[in-house]
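Remarks on the structure that follows.
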Ligand code: AMP
Ligand code: MG
C-alpha cells in the first residue's frame, strides 16, 4: 500500500463509496460517517442489522466536538491517555450525525485509531469515517486483508492491505453518557486502565457477562451471536489436566459419530489433544498473543472444515478478559465447567 492507494481510497470515501482499511484493532469497512446513503451501504455490504450503530473514526481530537453535543471532561482525560488508540467513547451526538450512522440512537461512538493507514485515509478524504469491522455480520472480525476479501469479495470496490493487525480484537467501548462511565465492550484498554486515568471506579455493563437472553447489553451489537466460526464452539473451563481429559473424551465421542473435531489450545497443551485439527492461540497466560490470533484461528477451523470446536478457556487477566468475552459470544455462551 502506498500514498496512491490511500488517495484512491479517499476519493471513494469522498464520493460515498466503501473501502476496507486496516486499523490497529481489526480491519474496518469505512464510509463517510455524515452521509446517510454511504452509511447505509455499510449495513448492506455486511448484512448488518440496521439497529446496530457504527463507530465514527476521527484523526484529530477537535473532530470529536464536530459530532458531539458536548464533550465531557472525562472524554478529554481519556483522549489524552489513550488516543490515538483502541478506545471508543460514547457521547451524546449532535445534529450533524445522521441516524443511519448511529442506528437511530441519540448517542455516537467515536474513536481515533492509531494505524497510519487509517489516519492517512481519514485525513486525505477530509471525512469522518464510519467503520464497523469488515466482516460479514456474525462472522469473526478480519485481522488481515485476506479475511476481508473472503467475506466481502464482490461487495466492495477496494481493500487497503496493511498486513496483519497489531491487536486483533475490537476496541474497548466506554459509555460516557452515564453517571458512572460504563464499559460496553471490553478490549485492549482495560477497565483498570480507564479507572486509573479517571481516578474513580467505573462499571462494566452487566449485559455483557450474562448469557444473551438474561440481560440486554447496552451496545446493540453485543446482543447478537457474534465473532463466530461456522462450527459449533464449546468452551471448557477448569483445572488444566481435567480440561484436557474431558476434551479428549468428548473428541472421541464426537469422532465416533463421524464429526470433524477441532481443539483450540495453548502452545503448552496443544500436543496433548487427539483431535482432527488442533490450533494454538499462543503461550498460556499470554492474552495479547491470544487476542492477535483468535479470529484468524476461528477462521482456520472453518477452512479445515471442523464441525465442532472445543476451546480451552483463558486467564481473564488484562486483555485476556476481552478475549474471553469474544470466545463466550462465539460459543453462544456454551461453557463446560469441568
Ligand atoms: P464494530 O463496529 O463491528 O466494532 O461494532 C461497533 C460496536 O459499537 C457495536 O457493538 C455497537 O453496538 C456499538 N456501538 C456503536 N455506537 C454505539 C452507541 N451510540 N451506543 C452504544 N453502543 C454503540
Ligand atoms: Mg463487528
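Computed from Cα atoms, the angle from the helix 287-303 axis to the main principal axis of the chain rounds to 70 degrees.
Full extension of the chain between residue 315 and residue 106 yields a length gain of 71.6 nm, computed as 0.36 nm times the residue separation minus the alpha carbon distance.
Please compute the contact order of the range 1-138 in relative form: average sequence separation of alpha-carbon pairs under 8 Å and at least six residues apart, divided by the residue count, as a percent. Spell out each step's value before the answer.
Values: 274 pairs, mean separation 51.9, N = 138.
Relative contact order comes out at 38 percent.
For the chain, the normalised intensity computed at q = 0.07, 0.13, 0.14 Å⁻¹ comes to -0.28, -0.95, -1.08 (log10 of I(q)/I(0), Debye sum over alpha carbons, equal scatterers, no solvent).
Using only alpha carbon positions, build the gyration tensor of the range 93-142, then give the equivalent ellipsoid semi-axes as the square roots of 5 times its eigenvalues, largest first, whole angstrom. Mind dumping the intermediate values first?
Values: eigenvalues 81, 67, 15 Å².
So the equivalent ellipsoid measures 20, 18, 9 Å along its semi-axes.
D for the range 143-227, whole µm²/s, Stokes-Einstein with Kirkwood Rh over alpha-carbon pairs at 10 °C and 1.306 mPa s: what number? Intermediate values should be presented prior to the final figure.
Numbers: Rh = 15.2 Å.
It comes out at roughly 105 µm²/s.
Percent antiparallel among DSSP beta bridges with both residues in the chain, to the nearest 5? Write down the numbers at each step before the final one.
On the way: 16 of 42 bridges.
Of all bridge pairs located within the chain, approximately 40 percent are antiparallel.
Considering only 228, 322, 196, the Gaussian network model of the chain with Cα springs below 10 Å gives its largest mean-square fluctuation to 196. Highest GNM mean-square fluctuation among 65, 50, 141, for the chain modelled with Cα contacts below 10 Å: 65. Once C-alpha pairs closer than 8 Å and six or more residues apart are averaged by separation and normalised to the residue number of the chain, the relative contact order reads 18 percent. Each of the peptides 14-21, 70-77, 91-98, 259-266 was scored by the mean count of other Cβ atoms within 10 Å over its residues; in descending order, highest first, they stand as 259-266, 14-21, 91-98, 70-77. Considering only 283, 217, 142, the mean-square fluctuation computed in a Gaussian network model of the chain, springs between alpha carbons under 10 angstrom, is largest for 283.
The sum of -39500 (n - 2.57) across all DSSP H runs of n ≥ 4, divided by the residue count of the chain, sets its helix-only mean residue ellipticity at 222 nm to -9500 deg cm²/dmol. Using C-alpha pairs under 8 Å with a sequence gap of at least 6, the mean separation divided by the residue count of the range 179-338 gives a relative contact order of 31 percent.
Using the Cα gyration tensor of the range 1-105, with a ≥ b ≥ c the square roots of its eigenvalues, what is the shape: rounded (a/c below 1.5), prolate (a/b larger than b/c) or oblate (neither)? Kindly include the intermediate steps, with their values, before the conclusion.
Details: a/c = 1.77, a/b = 1.22, b/c = 1.45.
Oblate shape, in that a/c is at least 1.5 and b/c is the bigger or equal ratio.
For the range 60-156, the spherically averaged projection of the C-alpha convex hull amounts to 7.1 nm².
Just so you know, all these numbers are worked out from the coordinates, no wet-lab data involved. Note that the structure is predicted; figures quoted are calculated from it, not measured. Quick reminder, even Gly has a Cβ in these numbers, built from the backbone with ideal geometry, and neighbours come from all protein chains shown.
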